[in-house]
Amino acid sequence: MGRVKAEKIRNTLKQTREKRKIQVPRVYQLKLQNLSEKDREVLGRLFLEAKWLYNYIIADVENRLNRDTWKLKEVEIKTPEGFKRREIKQLSSQMRQGIVERIKGNLLSLKRAKEKGIKVGKLSFKSEVRSIPLKQYGITYKILGDKNKVKIQGIKKRFRVLGLHQIPKNAELAEAQLIKKPSGYYLHVVCYLPKEEVLKEIRERRLKEPIGIDLGIKHQLTLSSGEKFSWYIPETKRLKRLQKSLSRKQKGSKNYWKIKQLIRREWEYINNKRKDTLNKAVSYLKRFSLIVVQNDNIKSWKEGYFGKQIQNTGIGGITARLRTLATLIPVVFVDRYEPTTQTCSFCGHRQKVFLSERTFKCQSCGKEIDRDVNSARNILRIAIEKLKGEGKLLKTLPVDCGKVTPVEWGLSHDEAGSPRL
Ligand SMILES: [Zn+2]
């Protein structure tokens, strides 16, 4: 690469980095619609080639990753009948480069995990690739908004898509991924929105109160205001029935794959429902002026008493979402050793509370309150006391307004991020 060209690329990257500082990323899902048998064939081929290329590189990662692998028109892969040559004709060079970069990224995170002392294996062969990176908007894919269609590089047909209305007019389109799910093909499009406008929208809808959150097993979120959100949905009866049926089929037979596909669809349905509730919870939380959450060590829960239940609840998901939310509104994490379940949120009295007791009955002031709501209220109080002590609260109205918590809060660096306690 010439010096001038390299310089130009560096400058563009720098400009993009600067621009991203005042933007917020959002991902939108578009569904490809009215796919004909032929369309499915073409798209299916794309994912097949992606798998071949991926597995080909993984088979000898040291030698195959850094060469011009992405230029290959053909790869050799191992099949039950020995090595076979496979033609790569549908995947565009940008898509291939995207796959190469993804492998590099995966190797890097493995390396980082190893450095941290986490036991890691090697990258393994994939029996299926479920997403294809589409790196540059305008080249690998393009949205034809007025026609509700999308163009994917290397495919003549313009696909009709559902969901374009979600993307705001002022969004800047960036990379995307082509996704294969049991229910069909999707595009996950990354857009960048002006941060100032997103903040303005949040500010306009914002309540003046702060809110405390208790993370739990039965209800994943309990708020100090009394609301509860649960997105743990037990595996459906249908899923259990299908799994039972699968066990009776001969492995690898036509019926086996048919049932297997139905099981995947059922999982997709269950996961969609969970995500939906999680999204609702996050958008509800966005309205508060300050969010306080207990900095629970989810990992230790997983290994300990609650085991399997936790896997299905996706509490890890909410903490990740809260960390993202913290770039827009103040989110404070309180250390978990604070005795939030054993303290009365009305009078501060401490008493022993057993795990089986769902209601907190104060032995001192006699008040009764839901165990988790009590805990959420304590979490909120602890944070506010600490913030006050550190002079980080901007405005506090006199507490004579008849509420337990003062009405107006603001952090001295409102919007700028979240203080750590
Ligand atoms: Zn009390």
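Please treat every number below as a calculation from the coordinates, not as lab data. Treat the numbers as computed from the prediction; the structure is a model and nothing was measured. Don't worry about glycine lacking a Cβ; one is built from the backbone with ideal geometry, like all the others, and counts go over all protein chains shown.
General remarks:
- Across Ser92, Ser36, Ser230, mean-square fluctuation computed from a Gaussian network of the chain (C-alpha pairs under 10 Å connected) peaks at Ser36.
- Comparing Ile132, Ile270, Ile77 in a Gaussian network model of the chain where C-alpha atoms under 10 Å apart are linked, the largest mean-square fluctuation is found at Ile77.
- Taken about its Cα centre, the chain carries a charge dipole of about 1980 debye when Lys and Arg each add +1 at the Cβ and Asp and Glu each add -1 at the Cβ.
- Global geometry of the stretch 23-193, whether rounded, prolate or oblate, following the gyration tensor of its Cα atoms and the 1.5 cut on a/c: oblate
- C-alpha long axis of helix 237-248 to longest principal axis of the chain, angle in °: 40 degrees
- Stretch gain in nm, segment Cys365-Arg102, where the contour uses 0.36 nm per residue and the Cα spacing is subtracted: 88.8 nm
- Within a Gaussian network of the chain (alpha carbon springs, distance under 10 Å), most fluctuating of Leu30, Leu173, Leu65: Leu65
- Of Ile58, Gln166, Leu32, farthest towards positive along the dipole that unit charges on Lys, Arg, Asp, Glu beta carbons give the stretch 23-193: Gln166
- Hz values of 3J(HN,Hα) by residue in the stretch 203-214 - Karplus curve (6.51, -1.76, 1.60), Gly and Pro given as x: 4, 5, 8, 6, 7, 8, 7, x, 9, x, 10, 10
- Principal-axis tilt of helix 315-325 within the chain, Cα atoms, nearest 10 degrees: 90 degrees
- Judged by the gyration tensor of its Cα atoms, with axes a ≥ b ≥ c, the stretch 192-269 is oblate; a/c meets the 1.5 cut and b/c is at least as large as a/b.
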